[in-house]
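For reference, the structure is listed below as structure tokens.
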Amino acid sequence: MDTIFSSATNAQKSAIKIIRISGKDVSKIPKIFSFKPPKPRVASLRRLYDLNNNMIDDAVVIFFPGPSSVTGEDVFEIHTHGSLIIEKKIYDCLANTSRFRIANRGEFTKRAFLNGKIDLTQAEGINDLINAETENQFKLSISHYEGALYDKLILWRSDVIFLLSKLEAMIDFSDEELPQEIEALFKKKLSYLIKEMRNSIKSSNYGERIRNGFVVTILGKPNVGKSSLINYLSNKKIAIVTEEAGTTRDVLEVLLDFDGFPVILNDTAGLRKTNSNVEKIGISRALRKAEASDIILILSDCGDFSVPELKRGAKKILVHTKSDLKQNYEDDSPRISVKKHKGIKELIKIIVDHLKILEPKDSVLLTRKRHVQGIKKAVSALKQISILNLSNDPELAAEDLRVAATEIGNITNIIDVEEILDDIFNNFCIGK
């Protein structure tokens with residue numbers, strides 16, 4: 001296997017750069033750069049030279065012998081000044097050495113997985129941690145990185161193996177009936193597992209939303225203040241704001257942090273009857289986006305919140321806009337004025353309070369489609385057992401249990417499907 005290298009820090013200029021190298025040929029590093037080998041796990045200052053014996057930089061070098069390293073292999077780190085040309089010179093030296101190459105996306109983490117340092121859910125947690133932008137994304141990624149999901153899956157799999165062991169014993173003594181107390185325990189454990197897994201499937205949508213963002217779409221007639229609101233909340237001129245109706249034609253989105261919740265806020269075309277084909281397309285897209293949202297903000301500056309074209313019954317929040325001009329509304333819907341900076345914090349709180357209601361009791365969440373697919377397959381196999389007569393068909397039940405155990409195990413430790421591994425680790429950044 002090649003020895004890989006890459007920068008573990010920012011690709012631009014910086015105060016320092018860390019170049020990480022991992023693989024069986026790491027021991028050649030001191031010879032490649034003509035410096036005295038450091039003691040393991042001791043940060044040492046060394047002068048680096050290129051292949052023509054020209055000085056590159058004075059750098060701090062650290063050698064981490066495997067398997068007690070981040071990848072489970074021998075690892076070298078070179079901490080240099082953050083110059084791009086220094087990085088290039090080091091890369092040139094390594095690339096011109098046999099069996100050294102630049103790492104692929106996520107390859108360091110992939111090697112850590114293959115060498116048993118982490119499982120797949122922890123690897124995914126690392127990537128989510130790198131990409132976390134809000135407090136709740138951070139908490140969820142840390143939970144997975146620390147192994148909370150792994151522990152839960154292992155517990156489920158252990159329960160399945162326990163049931164399988166009981167059936168295997170029954171098969172070995174097939175001339176005897178399954179004791180009633182064992183059969184009762186079997187059915188109770190089976191029912192518990194199916195219920196637990198189904199609950200996790202139900203809450204998986206929330207986990208995916210924490211990772212990717214809750215979708216909040218703004219609807220309303222032209223010129224009610226939709227674009228002004230999204231510009232204000234994002235502190236950017238995302239949308240064009242004019243007195244001319246129909247300015248917004250397509251869906252514009254921005255990712256925001258609402259009290260720790262990642263929110264994808266969508267500005268949409270004003271809802272009205274129009275002869276413009278382009279505007280009709282924009283309105284159609286607005287309605288489709290709204291119907292696929294978690295929350296719909298319906299804005300009005302005249303108290304008319306009717307949107308008869310809207311079919312899906314998502315959570316709707318009615319918002320009175322331009323409250324600095326008119327305040328004599330009789331309902332309790334929130335009132336905002338972007339111009340006077342009023343009511344915005346209260347509106348955000350209403351949105352956040354609803355998102356908190358969506359939070360499931362289970363703190364350990366499935367966050368990816370592959371997690372959900374694996375658990376659905378496991379549940380399907382376990383349900384097959386519930387319709388069998390255990391005394392007559394123990395072999396069939398045992399096979400279903402093996403399927404369930406395999407599907408659960410694949411979530412944490414896929415080792416024989418290279419395409420799935422590539423799909424997971426190719427989403428990482430270079431150098432991780």
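The values are calculated or read from the model by the stated rules, or taken from the named source; none is laboratory data. Computed from a prediction, not measured in an experiment: that's the story for all the values here. All Cβ positions, glycine included, derive from the backbone under ideal geometry; neighbour counts span all protein chains shown.
Table for the structure above
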read-out: Answer from I102, I86, I142, I90 - the residue that is free of Cβ contacts under 8 Å to residues at least 60 places away in the same chain and β-branched (V, I, T); value: I142
read-out: All positions within segment 232-277 that are of a type in the set (A, V, I, L, M), at pLDDT 80 or above and surrounded by fewer than 17 Cβ atoms within 10 Å (Cβ to Cβ); value: L255
read-out: Some residue of segment 108-124 being part of a loop (DSSP other than H, G, I, E, B) and in contact with a Phe, Trp or Tyr (Cβ under 7 Å, 6 or more places away or on another chain); value: yes
read-out: Any hit, segment 368-385, residues being surrounded by fewer than 18 Cβ atoms within 10 Å (Cβ to Cβ) and modelled with pLDDT under 90; value: yes
read-out: E168 in a helix (DSSP H, G or I) and either loosely packed, with under 12 Cβ neighbours inside 10 Å or at pLDDT below 85 (or both); value: yes
read-out: Residue match in segment 206-225 (condition: modelled with pLDDT under 85 and assigned to a loop (DSSP other than H, G, I, E, B)); value: no
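Residues checked against (1) under 17 Å from W156 (Cβ atoms); (2) assigned to a loop (DSSP other than H, G, I, E, B); (3) in the same structural domain as S191 (by TED's automatic domain parsing); (4) touching a residue at least 40 places away in the same chain (Cβ under 8 Å):
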| position | (1), (2), (3), (4) |
| --- | --- |
| D324 | no, yes, no, no |
| E330 | no, yes, no, no |
| K340 | no, yes, no, no |
| I375 | yes, no, yes, yes |
| L382 | yes, no, yes, yes |
| D400 | yes, no, yes, no |
| A405 | yes, no, yes, yes |
| I408 | yes, no, yes, yes |
